Ligand SMILES: [Zn+2]
């Protein structure tokens, strides 16, 4: 079994001291491919550099938390980055009305600008959404006919919300959130209805360590991805090997295509 972790925050400073060991442990656990998350222009640049250095993939985008601090030329910067062969998606982008670190107006504007870029470049989108489901779906419906696909990263919602994303042809990213029996009640019921053809797996490392593991995981790493898959297997009744094949194939289909006009 080989695994593809579609959400790793490897530019996080919690990995700066031992990134090589983190990547070695990931490969020992058959986590062979990763998509490094970019959260603003600077981080997206660092993510791309890491991806290039370690033969991985990355995203280029601005997280809604940072929508209020973008520079006027941020779309140009993202466009430049998105042309690098390692950069396989626009994001993470979306709406986060949970903490509202940026105003809703800024979040909506910066999200739409990134969707426009994704359409222009025909790159998939790596979507973040928290407490903004209705607004996010409304915008996505508008863009969907022109988008080259995408994934609802770190999906934590209920069945109805999941099916709305599926209806838009999007993939669903499952993190260690699934392993939290207290907070993930609805998600744990929803995944029983998630078709294997739309599943992707992600650790969101160093965040969202699977909570059911003892001794407790202090810092989530890509090597923990199979633990999330095991939980998903037990909730869905789908054999682990089939989950590995489906999620890897889905991730490779969306993010693994060789870009047409790549430059290094
Ligand atoms: Zn996110």
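Based on the inverse mean of 1/r over its pairs of different Cα atoms, what is the Kirkwood hydrodynamic radius of the stretch 103-182, in Å? Before the final figure, lay out each step's value.
Details: mean 1/r = 0.0759 Å⁻¹.
Across the stretch 103-182, the inverse of the average 1/r is 13.2 Å.
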| query | In which sequence would 59, 103, 203, 11 go, from the one with the fewest C-beta neighbours within 10 Å to the one with the most? | reply | 103, 11, 203, 59
| message | Let me check against my output: what whole-number percent is the relative contact order of the stretch 3-255, with C-alpha pairs under 8 Å and at least 6 apart? | response | 19
| said: Roughly how far apart, in whole Å, are the Cα centres of the stretch 52-111 and the stretch 1-22? | reply: 19
| request: Compute the FRET efficiency between residue 186 and residue 76 as 1/(1 + (r/R0)^6), taking r as their Cβ-Cβ distance and R0 = 35 Å, and round to the nearest 0.05. | output: 0.30
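As an exercise, find the ratio Rg/Rh for the stretch 168-264 from alpha-carbon atoms, using the Kirkwood inverse-distance average for Rh.
Details: Rg = 14.5 Å, Rh = 14.2 Å.
Looking at the stretch 168-264, the ratio lands at 1.02.
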| query | What whole number of Å gives the distance from the Cα centroid of the stretch 136-171 to the Cα centroid of the stretch 180-196? | reply | 17
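Taking N as the number of residues in the stretch 164-205, what is its Cα Rg relative to 2.2 N^0.38 Å? Please list the in-between numbers first.
Details: Rg = 10.6 Å, N = 42, 2.2 N^0.38 = 9.1 Å.
In units of the globular-protein estimate, the stretch 164-205 measures up at 1.17.
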| Cα pair count fraction exceeding 21 Å, expressed as % - the stretch 1-150 | 43
| Across the chain, how large is the tail of the calculated P(r) beyond 35 Å, expressed as a percent of all Cα pairs? | 8
| Could you put 165, 171, 66, 207 in order, starting from the residue whose Cβ has the fewest other Cβ atoms within 10 Å? | 207, 66, 165, 171
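Calculate for the chain the 222 nm mean residue ellipticity that helices alone would give, adding -39,500 (n - 2.57) per DSSP H run of length 4 or more and normalising by residue count, nearest 500 deg cm²/dmol. The partial results should precede the final answer.
On the way: 9 runs with 105 residues, N = 264.
Computed mean residue ellipticity for the chain: -12000 deg cm²/dmol.
Every number in this text was worked out from the coordinates using simple rules, so none of it is lab data. It should be emphasised that the depicted structure is a prediction, and the values quoted were computed from it without experimental measurement. Cβ coordinates were reconstructed from backbone atoms using ideal geometry, including for glycine residues, and neighbour counts include every protein chain displayed.
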